[in-house]
Amino acid sequence: MPGKKASLFVTCSVDQFYPEIGEATVKLLRHLDVEVDFPGEQTCCGQVALNGGYHSHAVAVARRFVEVFRGSEVIVAPSGSCVTTVFTHYPELLREFPELKDDVESLRNRTFELSQYLVDIMGVEDIGSSLPQPTRVAYHDCCHALRDLGVARQPRQLLQAVDGLELVELTDSTNCCGFGGTFSVKYPEISMAILNEKLGHVESSGADVLTAVDASCLMHMGGAMRRQSMKARPMHIAELLASGLPGGTNA
Amino acid sequence: MPSIRTKEFTPRASEAINNPTIQESLDRLANFRQGRADAIAEFGQERWDEHSKRAREIKEKTLDHLDHYLDLLSTNVERAGGKVFFAHDTQEANEYVAGVARANGVKTVIKSKSMVSEEMGISDYLVGMGIEPVETDLGEYIIQLAKEAPYHIIAPALHKSKEEVSELFQRVLGSPAESDITALAGIARKVLREKFLQADMGMTGANFGVAETGTIVMVTNEGNGRMSSSLPRVHVATMGMERVIPRLSDLSTFLPLLTRSATGQRITSYVAFATGPKRRNEEDGPEEFHLVILDNGRSKMLADPQLREALYCIRCGACLNACPVYSKVGGHAYGWVYPGPIGAVVTPSILGIPIAKDLPFASTLCGACREVCPINIDIPRMLLKLRSDATEGPAGTKKPDRIESMMMRGWRMTVSGPRMFGLAGKIASILQWPLSRNKFLRRLPPPLSGWTKSRDFPKVAAKPFHARWSTMAIPPEKGDKDGK
Amino acid sequence: MASKEAFLATVRVALAKGNDGAEVTHADASLNLADDQDIAQKAKALRESLAQRRDSLLEQLHRSALLQEWKIVFVSSDAEAREAIVDIATGLAANTVVRTSHLAVERLGLDEALESKSIHSVLLNSHNADMQGTAAGADIGITGMDYLIAETASASLVAREGAARITSLLPPVHIAVAQADQMVETMEDLLIFREAELAEESDLNWYMNLISGPSKTADIEQTIVIGVHGPGEVHLVVIR
């Protein structure tokens with residue numbers, strides 16, 4: 001069966017800020033009998049540079065990514081936006097390297113966001129996770145996962161199957177959270193104005209946990225949720241799903 | 001050209017965010033969004049997608065042969081007795097319109113809403129000649145009285161409350177205070193009806209120019225477009241050169257996309273098709289018809305394969321309504337004629353990046369604009385291209401930030417391999433120590449200070465994933481089971 | 001000042017650059033009416049298909065007309081149409097109506113019927129000393145229509161001899177009169193007929209309006225106001 005072997009692309013932000021999300025991802029995949037490897041040369045997909053307008057830097061990092069993951073059968077990342085960088089932007093970014101064209105085309109079609117991989121490729125319906133106590137969970141649709149990758153049904157399906165988890169729909173769940181990478185730093189006031197509307201919906205949903213497929217959006221939303229001492233806590237979907245597996249949150 | 005205030009994006013955005021009346025107005029964009037969704041559902045999603053696809057094909061092919069279609073359009077307008085003027089820039093366009101007005105001894109011009117005429121700044125130009133230009137679309141009329149720029153492509157006075165409109169009418173027109181919106185519209189109707197009947201020249205835009213028949217098409221709800229093209233002795237229409245479509249039947253593709261995307265209407269109350277001036281056996285209509293076709297930087301976009309797509313735009317405004325940024329900062333922050341996501345592409349393309357550098361960065365790249373665009377224009381892709389031009393583009397184009405470029409070079413070195421990456425993490429985890437509280441940072445130095453003003457920032461992990469992998473490389477139980 | 005040739009030359013240079021050197025020669029034939037040999041055939045087939053669907057189209061028109069805020073009335077004879085129009089005019093206490101000379105209007109004998117109710121009926125044309133003033137001063141404008149689109153409740157009207165542009169524009173009330181056999185289903189249908197007509201006529205000089213309800217605006221607080229510059233009350237009289 002294809003996809004029983006997967007290379008983890010952990011992403012730079014998870015690597016440096018949220019290594020637990022990486023561990024949870026490995027735990028989930030192994031629980032489902034996927035043989036996971038971790039190409040140690042990996043660093044970043046280049047999204048930071050692409051987003052900031054540093055095209056040449058993004059090109060160099062993208063080339064590196066292609067080299068590092070060329071030998072991988074399937075690449076799985078706990079991030080919709082990093083996968084989008086590969087899926088949507090690599091063909092254009094690496095247009096000037098015709099020798100890489102076939103590699104890029106093939107690579108973009110075997111790089112998956114975690115929930116997309118589990119549901120669409122592995123055919124998983126229920127990972128067999130069970131939360132120790134009833135938890136109300138709101139799912140936020142991260143923009144790139146939603147609009148570039150079509151990830152919307154997959155994470156909801158996985159969440160709904162978890163015992164003890166009640167999935168609630170956020171009002172305007174598909175509206176952006178206001179992160180936008182460099183945007184959140186260049187235009188903090190606008191970013192916060194957008195975010196506050198989102199947090200209002202989180203609040204009124206009564207959720208205990210706000211989850212999403214992107215650590216970076218959660219960093220933004222969670223950073224303000226902490227500052228505002230909100231009841232809901234942010235949690236990446238990999239961690240949330242893995243927390244209900246035997247053996248707790250650690251792989 | 002109208003005033004350019006693109007460099008004031010941040011302060012004007014801030015003004016809007018902190019103005020409750022404006023935020024209330026912007027919240028009403030939800031009506032547009034809902035109207036659009038309902039209108040598409042009624043039309044049928046599959047049929048909608050077919051129309052979108054067809055519209056894009058027509059736009060692609062038309063622009064690929066733009067010289068041919070402009071030639072055809074102008075030939076057919078002239079055949080119908082009209083005059084066509086091709087203007088490289090707004091100065092030429094204004095001078096031509098002024099010449100027509102002068103030759104006809106025009107005193108009053110009635111105008112129907114047109115973004116190109118805003119781009120030209122023709123109203124100020126006419127005032128300078130002692131001619132009175134009167135905007136007749138209710139929203140445009142309101143902002144003309146308030147001496148402001150349009151706030152939204154299809155709802156120019158979106159930001160004004162009825163109280164503000166009443167106050168404005170009292171101040172400028174001397175009308176009594178009025179809290180009823182129908183009565184406010186009635187005041188404008190009365191004033192403008194007289195202007196309509198006394199004007200010597202009417203100016204309109206053109207939503208489409210049909211090459212094969214030499215017809216310009218005006219899509220309106222109020223009837224002012226019909227008035228402007230029927231009552232005065234002279235009719236001058238202005239259009240961007242990209243608005244040409246090959247044939248009449250193409251409108252059955254474009255019109256439903258335009259009106260349903262814009263206001264959620266099946267169709268507008270009026271669609272007027274004007275072909276040249278009044279013909280011999282007609283009872284009424286203008287004696288003269290002029291069509292001004294404007295380039296003003298559009299050929300630069302045509303010449304750039306990555307920006308050409310922006311010329312497919314039919315100005316429905318759906319991307320503004322869907323945009324999380326526009327929905328907070330409103331139209332004036334964008335500082336020129338075209339606001340919102342499409343404005344963030346068009347404005348720097350026309351005015352140049354050094355003047356409008358902030359705009360392409362003022363987006364979260366969420367893709368909502370692309371999702372609602374009836375022509376499937378990939379606005380986020382073009383914003384990325386313009387960002388790249390702003391930082392790394394050819395000299396004279398770029399306008400990079402020095403500290404930021406330095407940081408980016410540092411980042412590039414960091415991600416050049418796992419050793420540097422690990423080392424950078426270590427250094428950061430040491431540097432962050434004095435700033436941290438628990439697992440979070442509450443205050444960072446510029447340029448990250450904007451983040452921590454209202455958000456905590458996570459600390460760099462003491463042990464990054466790279467380091468953790470070595471202890472988890474072999475799965476504790478599953479390793480044997482898989483036979484490895 | 002830019003000449004057409006200089007302008008088009010700029011466009012050609014931009015095209016060559018933007019097309020990455022790919023050759024651009026003649027426009028795509030599929031986009032040109034002149035190359036569309038089938039248009040007359042298409043129009044003929046469409047006409048037959050529409051005739052067969054007339055009843056369902058009239059039902060569709062009825063539904064969409066209400067949504068588009070027309071006041072629609074179906075009548076089965078000229079006499080009934082005349083009666084309906086006189087009722088509307090007397091109901092509004094009209095003093096003056098202006099009308100076009102469309103056949104559908106002419107043969108109703110409206111002038112006598114209206115005058116008998118002391119309503120002055122004027123055929124609006126260039127022989128009027130003050131056309132615009134007369135139209136603006138009238139209470140109602142009555143016009144025939146060329147086509148009716150069922151899907152959007154749109155009525156098309158080409159300005160011509162005896163059919164001034166302003167008859168349906170300046171009075172506060174518009175009464176549009178049409179025959180059931182002028183029904184089409186969609187905008188696409190209407191434009192196929194127009195193109196077929198244009199392919200035969202050499203005179204391209206025309207002004208057409210597609211009217212789909214009352215004049216309206218939502219420019220203040222997105223609140224809809226009916227009748228801002230054009231007629232705020234519109235009636236559609238369809239003769240079966």
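None of the figures in this text is laboratory data; all of them are computed from the coordinates on show. Please read these numbers as outputs of a predicted model, since none were measured by experiment. Using ideal geometry, Cβ is built from the backbone for each residue, glycine included, and neighbour counts are taken over all protein chains shown.
For the reader, a short list of remarks on this structure follows.
- Karplus-derived 3J(HN,Hα), 6.51/-1.76/1.60, for each residue of the range B:10-24, Hz, glycine and proline x: 4, x, 6, 5, 4, 4, 5, 4, 8, 9, x, 4, 5, 4, 5
- Degrees separating the helix B:251-262 axis from the principal Cα axis of chain B, which is the longest one: 60 degrees
- Counting, for every residue in A:152-165, the Cβ atoms of other protein chains within 10 Å of its Cβ and taking the mean gives 0.
- Helix runs (DSSP H) in chain A reaching 24 Å along axis by Cα, Kyte-Doolittle at least 1.6: none
- Taking a ≥ b ≥ c as the square roots of the eigenvalues of the Cα gyration tensor, an a/c ratio of 1.5 or more together with a/b no larger than b/c marks chain A as oblate.
- For B:LYS160, the lysines whose Cα comes closer than 17 Å to its Cα, not counting residues fewer than 8 places off in the same chain, are B:LYS147, B:LYS328.
- Ordering of A:155-164, B:413-422 by burial proxy (mean other Cβ atoms within 10 Å per residue, highest first): A:155-164, B:413-422
- Simple Cβ-charge dipole of chain B, Lys/Arg +1 and Asp/Glu -1, about Cα centre, in debye nearest 20: 2400 debye
- Shape call, the range B:6-299: gyration tensor on alpha carbons, a/c limit 1.5: oblate
- The angle separating the long axis of helix B:66-79 from the principal Cα axis of greatest extent in chain B is about 10 degrees.
- Bins of 5 Å from zero: percent of alpha-carbon pairs in the range A:130-243: 2, 12, 24, 26, 20, 10, 4, 1, 0
- Whether the range B:1-90 is rounded, prolate or oblate, judged on the alpha carbon gyration tensor where a/c under 1.5 counts as rounded: oblate
- The loop-placed trypsin sites (Lys or Arg not before Pro) in the range C:93-135, going by DSSP, that have at most 12 neighbouring Cβ atoms within 10 Å of their Cβ come out as C:ARG107, C:LYS117.
- Number of partner chain Cβ atoms within 10 Å, mean per residue of B:218-231: 6
- Packing-based ranking, highest mean first, of A:220-227, B:280-287 given that Cβ atoms within 10 Å are counted: A:220-227, B:280-287
- Between the range B:153-168 and the range B:208-248, the alpha-carbon centres lie 26 Å apart.
- Unpaired Cys in chain B, meaning no second Cys C-beta under 4.7 Å: B:CYS313, B:CYS316, B:CYS323, B:CYS373.
- Near the amide H of C:LEU236, within less than 5 Å, lie the amide hydrogens of C:LYS71, C:ILE72, C:VAL73, C:ALA176, all on another chain or at least 5 residues away, with H placed in the peptide plane.
- Measuring nothing but alpha carbons in the range B:332-484 and taking Rh as the Kirkwood radius, the Rg to Rh ratio lands at 1.11.
- Cβ charges +1 (Lys, Arg) and -1 (Asp, Glu), total dipole of the range C:145-195, debye: 340 debye
- Remark: mean inter-chain Cβ contacts per residue of B:388-394 equal 4, using a 10 Å Cβ-Cβ cutoff to other protein chain atoms.
- Nearest 10 degrees, 0 to 90: helix B:181-198 Cα axis against chain B principal axis: 50 degrees
- Residue-wise HN-Hα coupling along the range B:279-291, computed from phi with Karplus coefficients 6.51, -1.76, 1.60 (Hz; x: Gly, Pro): 8, 3, 8, 7, 7, 8, x, x, 6, 10, 10, 10, 10
- The calculated FRET efficiency for the pair C:GLU200 and B:ASP49, based on their C-beta separation and a Förster distance of 25 Å, comes to about 0.15.
- Neighbour net charge for B:ARG370 - beta-carbon separation under 10 angstrom, K R +1, D E -1: -1
- Surrounding net charge for B:LEU158, when Lys and Arg each add one and Asp and Glu each subtract one, Cβ distance under 10 Å: 0
- Among the GluC sites (Glu not before Pro) in the range A:86-126, those located in a DSSP loop and surrounded by at most 13 other Cβ atoms within 10 Å of their own Cβ are A:GLU96, A:GLU125.
- Taking chain A and dividing mean pair separation by its residue count, relative contact order in percent (alpha carbons under 8 Å, at least six apart): 21 percent
- Residue among B:THR268, B:LEU291, B:ALA310 farthest towards the positive dipole end of the range B:254-320, charges placed on Cβ: B:ALA310
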